[in-house]
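The values are calculated or read from the model by the stated rules, or taken from the named source; none is laboratory data. Predicted model only: the values in this text are computed from it and were never measured. Every residue, glycine as well, gets a Cβ built from its backbone with ideal geometry; the counts of neighbours run over all protein chains shown.
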Amino acid sequence: MSLSPSTLSPPPLSLYVHIPWCVRKCPYCDFNSHQGRGELPFAAYVDALLADLDLDLPLVWGRTVQTVFFGGGTPSLMPGELIDRFLQGASSRLRFAPGCEITLETNPGTVEHGSFKAYCDAGINRLSFGVQSFDDGCLQRLGRIHDSSEATAAIKLAQDAGFDNINLDLMYALPGQNLAMAESDLEQAFALQPTHMSHYQLTLEPNTVFAARPPSGLPDEDGSWDIQEHCQAMLADAGYRQYEVSAYARPGRECVHNLNYWKYGDYLGIGAGAHGKITSGHDQSILRRWKLKHPAAYLEAADSERGIGGDELIATERRPFEFMLNALRLVDGFSLTGFEASTGVPRSAIQAQLQEAVQKQWLLVDGDAVRPTALGRRFTNDVVELFLTG
C-alpha cells in the first residue's frame, strides 16, 4: 500500500487523564482499575501526571487541546482542589481551546454536593455518571456500590451545583433483567433530563470475574436484541438522537471527546495505563504510546521515560483498519477526504473493500460520503474486518 505524504495532516487533539483507583472493582470491568486501600496518594499522583505530560509535550508542540477527559477507575474519588491543580498545570503547558469540553467520570456513590461545586470551580463542565441501572437488584448483581436513590440524588445535586451537560451510562441485557425493567431504567433516566445517554449491552469481557464465572439470568441473544430495538425507539421518541453505536444525545450535546476518538483524532494519554495516539505531519507518522499500567510502578517512574510502557509506529497498511474500527461506529459515517487526511492512504487503496461492503448492503457510498446501513450497524465487526490486511 502506498503512502500519500501530502494528505496526512494532524487531526484535532484531545487529552485523556486516567485515574486508576476505585472503591471496589466491578465484576464486569476490564479497565485498568485498582481497588483503593487506605489513603490514596492523589497529591503525588497529580505531580506524576504533570511530569508525565511534560515528557509528552514535544509530541504536540503548538497544538491546541480541544477536549479533556478524566476516566478511570473512579475519577470522582479525587478531591476537586487536586483536579483544579492538575488543570491549572496542564493549561499552563498546553493551549486549551475556548470552551474546551472537560469531562469527569463520576460514580454516584462517591460524591457529595461540595465535591460538585469544587469540580465546577476547577473547570469541569461535563459529568458522566456511571449509573448502569436504576434497579437495585440489578445494581447489586453488577457489584455497584450505589443504589438507585443515591444515583438520583447525586445527579440532582450536580444539577443544583450548576452542571447542565450530563451523561448517564446505562447498561442493558443485565442478569435478571427483562424488557419491562430495561424500559423502567430509561424512563427514570429521562425524568432526570440528562443531555446525553450512553446505552450499551453488558458484555463478558476476558479477564473479568464475569467471564470466569458468568452470572445467571442473562437474557439470550433474541431477548437482548428485543431490548436494544425497543430502547432505541424510546430514546428517539424522548429526543435523543443516536450518533454512535451506543451514544445518544440532545441536539448539540454529543460528546466532543469521544467523537474525536471515533473520527480517528489525536489524543495524549497520561496516567497509569493510559494510551495515546499522535499524528506527526513532518514525518508522516502515527505514533501510539502507552504508560506503565500499575499505579505504584507508574508513580515511581512517571517523571522519566521509564514511565512509558511502550511506543508503536502504526504501519501504513494497518491505518485503514484502525480508522474503520472507529469511524464505522458513527451513524453518519465518514468522508473519504477525511479518511485520506487522517491516514495518509489514498481512497483507491480501499475501493475493493468499499465495493464489497456496498454489495453486502453494509455501507452506502454517496460521492465523498460513506455511512453504515442499519444492517451494517448490526454487523460492525464484520464490516471492519474487510479492512484488516496481513
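Of the candidates V365, V358, the single residue that is in a helix (DSSP H, G or I), of a type in the set (V, I, T), touching a strand residue (DSSP E or B) at 6+ places or on another chain (Cβ under 9 Å) and surrounded by fewer than 18 Cβ atoms within 10 Å (Cβ to Cβ) is V358.
Here R24 fulfils each of the conditions (1) touching a residue at least 40 places away in the same chain (Cβ under 8 Å); (2) surrounded by fewer than 17 Cβ atoms within 10 Å (Cβ to Cβ); (3) assigned to a helix (DSSP H, G or I) apart from (3).
Condition check: surrounded by 19 or more Cβ atoms within 10 Å (Cβ to Cβ), in the same structural domain as I19 (by TED's automatic domain parsing) and over 21 Å from C255 (Cβ atoms). Does R144 satisfy that? So R144 passes the test. Of all positions in the range 48-70, none carries a residue that is in contact with a Cys (Cβ under 8 Å, 6 or more places away or on another chain), farther than 24 Å from G281 by Cα and hydroxyl-bearing (S, T, Y).
Within the range 368-381, the set of residues being over 16 Å from N326 (Cβ atoms) and either in contact with a Pro (Cβ under 8 Å, 6 or more places away or on another chain) or assigned to a helix (DSSP H, G or I) (or both) comprises A374, L375, R378.
Yes or no, residue by residue, for (1) among the aromatic types (F, W, Y); (2) at negative phi; (3) crowded, with 20+ Cβ neighbours inside 10 Å; (4) touching a strand residue (DSSP E or B) at 6+ places or on another chain (Cβ under 7 Å):
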{"residue": "G239", "(1), (2), (3), (4)": "no, no, no, no"}
{"residue": "E244", "(1), (2), (3), (4)": "no, yes, yes, yes"}
{"residue": "G307", "(1), (2), (3), (4)": "no, yes, yes, yes"}
{"residue": "A315", "(1), (2), (3), (4)": "no, yes, no, no"}
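If I filter the range 103-128 down to residues being under 29 Å from G143 (Cβ atoms) and aliphatic (A, V, I, L, M), which single residue comes out as surrounded by the most Cβ atoms within 10 Å (Cβ to Cβ)?
Narrowing the range 103-128 to residues under 29 Å from G143 (Cβ atoms): 103-116, 118-119, 124, 126-128.
Filter again for aliphatic (A, V, I, L, M), leaving 104, 111, 118, 124, 127.
On the way: L104: 29, V111: 24, A118: 19, I124: 26, L127: 27.
Residue satisfying both the conditions and the ranking: L104.
The residues of the range 149-172 that are buried (at least 20 other Cβ atoms within 10 Å of the Cβ) and of a type in the set (G, A, S), listed by number, are A151, A154, A158.
Kindly provide the set of residues from the range 47-100 that are of a type in the set (A, V, I, L, M) and more than 21 Å from C255 (Cβ to Cβ), ordered by number.
Filtering the range 47-100 down to residues of a type in the set (A, V, I, L, M) leaves 48-51, 53, 55, 57, 59-60, 65, 68, 77-78, 82-83, 87, 90, 94, 97.
Within the range 47-100, A48, L49, L50, A51, L53, L55, L57, L59, V60, L77, L82 qualify.
Restrict the check to the range 63-71 and report whether at least one residue is among the aromatic types (F, W, Y), in a helix (DSSP H, G or I) and touching a Leu at 6+ places or on another chain (Cβ under 6 Å). For the range 63-71, residues among the aromatic types (F, W, Y), in a helix (DSSP H, G or I) and touching a Leu at 6+ places or on another chain (Cβ under 6 Å): absent.
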